[in-house]
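For reference, the structure is listed below as structure tokens.
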Amino acid sequence: MAITIEQKINQLREELRQHNYNYYVLDAPTISDYEFDIKLKELQQLEAQHPEFFDANSPTQRVGGEITKNFETVAHKNRMYSLDNSYSKDDLFDWEKRLQRILGVDQIEYVCELKYDGASINLTYENGKLKRAVTRGDGFKGDDITTNIKTIKSIPLQLRNAIVTDFEIRGEIIIPLDGFEKMNKERVEAGEDPYSNPRNTASGSLKLQDSAEVANRPLDCLLYQVVADKLPFKTHYEALQVAKRMGFKIPNTMQIATSIHAVFDFINHWDTERHHLPYETDGVVVKVNSLAFQDELGYTAKAPRWAIAYKFKAEQKSTVLKSISYQVGRTGAITPVANLEPIELAGTIVKRASLHNADQIAKLDIRVNDTVFVEKGGEIIPKVVGVDLSKRPKDSVPTKYITHCPDCGTALVRKEGDAKHYCPNEYGCPTQITGRIQHFISRKAMDIEGLGAETVELLFKEGLIHNYADLYELKEEQIIPLERMAEKSAKNMIEGIEKSKEIPFERVLFALGIRYVGETVAKKLAKHFKNIDALMHAGYEELIAVDEIGDRIAQSIIDFSKNPVNVQLIGRLKNYGVTLALSAEALQGQTDILKGKTFVVSGVFSKMSRTELKKSIEDNGGKISSSISKKTDYIIAGENMGPSKKIKAESLQIPIISEDEYLAFLK
Ligand code: AMP
Ligand code: ZN
């Protein structure tokens with residue numbers, strides 16, 4: 001017998017859930033990304049055709065898209081405590097003595113875990129399904145960030161084996177180091193400042209308003225505690241093992257220690273081994289294993305008595321500072337770099353370290369030939385944290401910060417409030433010029449085939465290009481004679497440049513390299529302004545009225561637009577036929593009918609899927625919010641609208657309209 005659509009949908013969901021688990025939790029995928037995408041698309045299509053089978057926990061719901069302006073504050077059912085810290089073995093001995101006294105026993109079994117360095121989260125499961133995800137907040141109440149958390153694929157939306165069905169589980173949202181580095185590389189390519197450390201980036205990501213953007217961040221979640229009124233386990237260890245079988249990511253680094261000495265072994269091991277972990281840790285958390293003992297010990301005003309954190313010392317070494325060099329970034333920012341006598345630190349050989357900026361150098365009085373302390377803490381790049389003055393050579397002289405650009409010789413400027421010096425010669429400084437062109441041609445921007453970063457430098461050195469508009473004037477005959485170029489490569493390059501004229505407007509906008517206008521912002525701007533002229537003539541008020549455009553971005557766009565050099569460049573791009581407006585296709589069906597109106601969508605719809613409905617609202621100029629507030633203008637309700645939403649809508653007297661009424665409204 002043929003299976004029904006519903007069965008097919010459930011089967012695909014089941015399969016995709018398993019593949020997500022294999023990939024994100026076990027790190028052992030059994031199918032290719034491509035095969036996964038095909039299955040996901042198939043499911044998306046079926047769900048769109050059959051909205052009656054909508055499920056908020058379907059794997060398709062992980063791509064994000066919901067916008068949350070204000071995260072709702074929710075009280076924690078069980079308070080989220082912090083941890084007491086310890087810094088030495090004596091501290092731990094003292095802690096054990098306290099426990100022995102309270103419990104009246106000699107032998108205590110512990111569980112040692114790493115202290116994952118990220119942002120804490122509390123996940124609530126009901127009937128084996130993820131119900132809610134709330135940040136720690138002040139421990140009593142936090143922000144409901146469920147829409148964002150759902151995009152993290154290692155968190156089960158539905159349990160694999162619902163051994164326990166109703167409970168809370170706590171963990172840490174982190175960004176693994178490799179994902180962090182990749183993300184920073186992309187930011188630098190887009191002309192944005194790199195993030196300084198994974199922890200702050202992880203917690204910042206959780207509060208992004210656009211869940212689709214959260215879905216793009218390499219977030220992961222490591223769990224460390226199961227909480228419920230009554231757990232069917234005797235030990236913490238057992239609870240976590242069961243959580244693991246239910247599909248949660250519980251690091252294998254966790255270990256039972258039968259005595260405090262075994263705890264020390266664990267600490268000693270990870271004090272050095274931690275540098276080889278795929279994510280950051282700043283210490284060890286030691287917990288009493290027996291849940292009955294935990295109950296008996298209870299809590300102080302701020303932390304459990306049954307657990308304690310042991311903090312690793314940031315590894316520090318001293319070495320000689322041989323020289324200071326200054327790097328110019330694509331945006332003209334100057335970064336001083338310490339060139340060091342190589343040393344081994346935190347498992348790698350360090351030859352260079354960050355000196356941050358002029359103030360930092362002055363404050364620490366860092367000089368060439370000094371013996372300096374270098375530390376590798378939360379940041380990926382080691383930094384100089386101090387000087388060993390006892391080793392300072394007699395003839396040492398204070399460091400004079402450079403006053404002129406090492407690249408073009410222009411006098412540096414430093415704006416009020418900026419920690420860094422900048423080379424203001426935006427259009428004459430070689431690094432800035434080539435950097436901008438390299439960004440323009442990059443994969444996520446104009447994606448010009450046959451042209452790479454090194455060739456850009458070569459073309460610039462040969463005087464063939466001075467800006468990105470010049471690319472469109474290049475002739476094959478000019479390129480062929482260049483080093484390592486041949487007829488074929490020249491032809492490819494010209495063809496690639498020609499083809500880039502078809503790149504859609506939002507990517508061109510990103511390619512222009514306007515400061516702070518990354519991919520997402522470019523999309524928002526393109527959608528709102530529809531063509532480059534409207535954007536370049538937009539005033540401050542108009543700019544900041546656009547969703548997610550703040551003061552900094554608005555100012556940067558205005559600065560860009562009023563610069564005659566840019567006006568001329570844009571004029572040239574237009575003449576060459578580069579796409580500087582949304583295509584007729586993209587414009588189709590877009591109106592301003594809903595301008596200024598905010599909608600909340602709830603329930604299941606029959607004429608279109610939720611995603612289609614939301615797109616329709618946005619295409620017609622409306623805004624979508626995930627929660628009802630005084631600012632909501634309408635609620636579009638389908639079948640099975642959430643009861644709590646209904647009550648809230650009624651109490652705030654917000655009109656509830658049906659799908660049909662909405663469609664009539666558009667007409
Ligand atoms: P603190 O923020 O210093 O008070 O430390 C408490 C925080 O450490 C908790 O809120 C957790 O977010 C975090 N943490 C990281 N790893 C663990 C772990 N293995 N067990 C308990 N808490 C952890
Ligand atoms: Zn310069």
**Prompt:** Any residue in segment 68-88 that is assigned to a loop (DSSP other than H, G, I, E, B), over 30 Å from A262 (Cβ atoms), touching a helix residue (DSSP H, G or I) at 6+ places or on another chain (Cβ under 9 Å) and aromatic (F, W, Y)?
**Reply:** yes
**Asked** Does segment 516-526 contain any residue that is under 20 Å from E449 (Cβ atoms) and of a type in the set (K, R)?
**Response** no
**Residues of segment 320-347 that turn out to be in a loop (DSSP other than H, G, I, E, B) and either more than 30 Å from P278 (Cα to Cα) or more than 16 Å from ligand 2 (Cβ to nearest atom) (or both), as a count** = 4
**Fill in**
When every residue in segment 23-43 that is without any contact (Cβ under 8 Å) to a residue 40 or more places away in the chain, part of a helix (DSSP H, G or I) and not charged (D, E, K, R) is compared, the one farthest from L157 (Cα to Cα) is Y34
**Request:** With the checklist (1) within 16 Å of ligand 1 (Cβ to nearest atom); (2) within 22 Å of L83 (Cβ to Cβ); (3) in contact (Cβ under 8 Å) with a residue 24 or more places away in the chain in hand, flag the one item N200 doesn't pass.
**Result:** (3)
**Fill in**
Result of the Cβ filter at 7 Å on segment 303-330, keeping first residues that are farther than 30 Å from R79 by Cβ and partners that are modelled with pLDDT under 90 and within 16 Å of ligand 2 (Cβ to nearest atom), at least 6 apart or interchain, is R330/G191
**Message:** Being among the basic types (K, R) and either under 23 Å from E375 (Cα atoms) or part of a strand (DSSP E or B) (or both) is true for just one of K302, K317. Which residue is that?
**Reply:** K317
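So that you can scan it fast, the table gives a plain yes or no per residue for (1) surrounded by fewer than 18 Cβ atoms within 10 Å (Cβ to Cβ); (2) within 30 Å of S442 (Cα to Cα):
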site	(1), (2)
G204	yes, yes
K207	yes, yes
Y224	no, no
K230	yes, no
N268	yes, no
S290	no, no
**Message:** Going by what's in this entry, would G409 be described as more than 10 Å from ligand 2 (Cβ to nearest atom), small (G, A, S) and outside the structural domain of L459 (by TED's automatic domain parsing)?
**Reply:** no
**Message:** Just to be sure before I move on: is E416 in a loop (DSSP other than H, G, I, E, B) and either more than 16 Å from ligand 1 (Cβ to nearest atom) or aromatic (F, W, Y) (or both) in the structure I sent?
**Reply:** yes
**Message:** Could you tell me how many of the residues in segment 216-263 are hydrophobic (A, V, I, L, M, F, W, C) and either touching a Lys or Arg at 6+ places or on another chain (Cβ under 7 Å) or not assigned by TED's automatic domain parsing to the domain that holds N289 (or both)?
**Reply:** 6
**Message:** I'd like to know if segment 418-425 contains one or more residues that are of a type in the set (K, R), crowded, with 19+ Cβ neighbours inside 10 Å and either within 16 Å of ligand 2 (Cβ to nearest atom) or under 30 Å from E280 (Cα atoms) (or both).
**Reply:** yes
**Fill in**
Exactly one of N10, N20, N57 is within 26 Å of the chain's Cα centre (by Cα), in a helix (DSSP H, G or I) and not aromatic (F, W, Y), and that residue is N20
**Asked** Among the residues of segment 467-484 satisfying the criterion of being surrounded by 16 or more Cβ atoms within 10 Å (Cβ to Cβ) and in contact (Cβ under 8 Å) with a residue 24 or more places away in the chain, which is farthest from N575 (Cα to Cα)?
**Response** L482
**Fill in**
Within segment 125-141, residues over 15 Å from A202 (Cβ atoms), crowded, with 21+ Cβ neighbours inside 10 Å and within 20 Å of the chain's Cα centre (by Cα) come out as V134
**Prompt:** Only one of (1) closer than 17 Å to V288 by Cβ; (2) surrounded by fewer than 18 Cβ atoms within 10 Å (Cβ to Cβ); (3) over 27 Å from the mean Cα position of the chain (by Cα) is not met by K89, so which one is it?
**Reply:** (1)
**Asked** Is there a residue in segment 250-263 that is hydrophobic (A, V, I, L, M, F, W, C) and under 26 Å from the mean Cα position of the chain (by Cα)?
**Response** yes
**Request:** Out of the residues in segment 150-187 that are hydrophobic (A, V, I, L, M, F, W, C) and without any contact (Cβ under 8 Å) to a residue 60 or more places away in the chain, state the one that is farthest from H236 (Cα to Cα).
**Result:** M183
**Request:** Being surrounded by fewer than 19 Cβ atoms within 10 Å (Cβ to Cβ) and part of a loop (DSSP other than H, G, I, E, B) is the filter here, so list the residues in segment 157-175 that pass it.
**Result:** R160, N161, A162, I163, T165, D166
**Prompt:** Would it be correct to say that A301 is surrounded by fewer than 16 Cβ atoms within 10 Å (Cβ to Cβ), closer than 30 Å to R101 by Cβ, within 16 Å of ligand 1 (Cβ to nearest atom) and assigned by TED's automatic domain parsing to the domain that holds L222?
**Reply:** yes
**Prompt:** Only one residue in M446, M493 is surrounded by 17 or more Cβ atoms within 10 Å (Cβ to Cβ) and touching a residue at least 60 places away in the same chain (Cβ under 8 Å), so which one is that?
**Reply:** M446
**Request:** Among the residues of segment 220-241, write down those that are in a loop (DSSP other than H, G, I, E, B) and out of contact with any Leu (no Cβ under 8 Å at 6 or more places or on another chain).
**Result:** A228, D229, K230, P232
**Message:** Can you say whether A338 is within 16 Å of ligand 1 (Cβ to nearest atom), touching a residue at least 40 places away in the same chain (Cβ under 8 Å) and closer than 30 Å to E192 by Cα, as far as the supplied structure shows?
**Reply:** no
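Residue by residue, here is whether (1) within 16 Å of ligand 2 (Cβ to nearest atom); (2) assigned to a helix (DSSP H, G or I); (3) surrounded by fewer than 18 Cβ atoms within 10 Å (Cβ to Cβ) holds:
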site	(1), (2), (3)
K182	no, yes, yes
T201	no, yes, no
A243	no, yes, no
I256	no, no, yes
Y279	no, no, no
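The values are calculated or read from the model by the stated rules, or taken from the named source; none is laboratory data. Just so you know, these numbers come straight off a predicted model, no measurement behind them. As a convention, Cβ positions derive from the backbone with ideal geometry for all residues, glycine included, and neighbour counts pool all protein chains shown.
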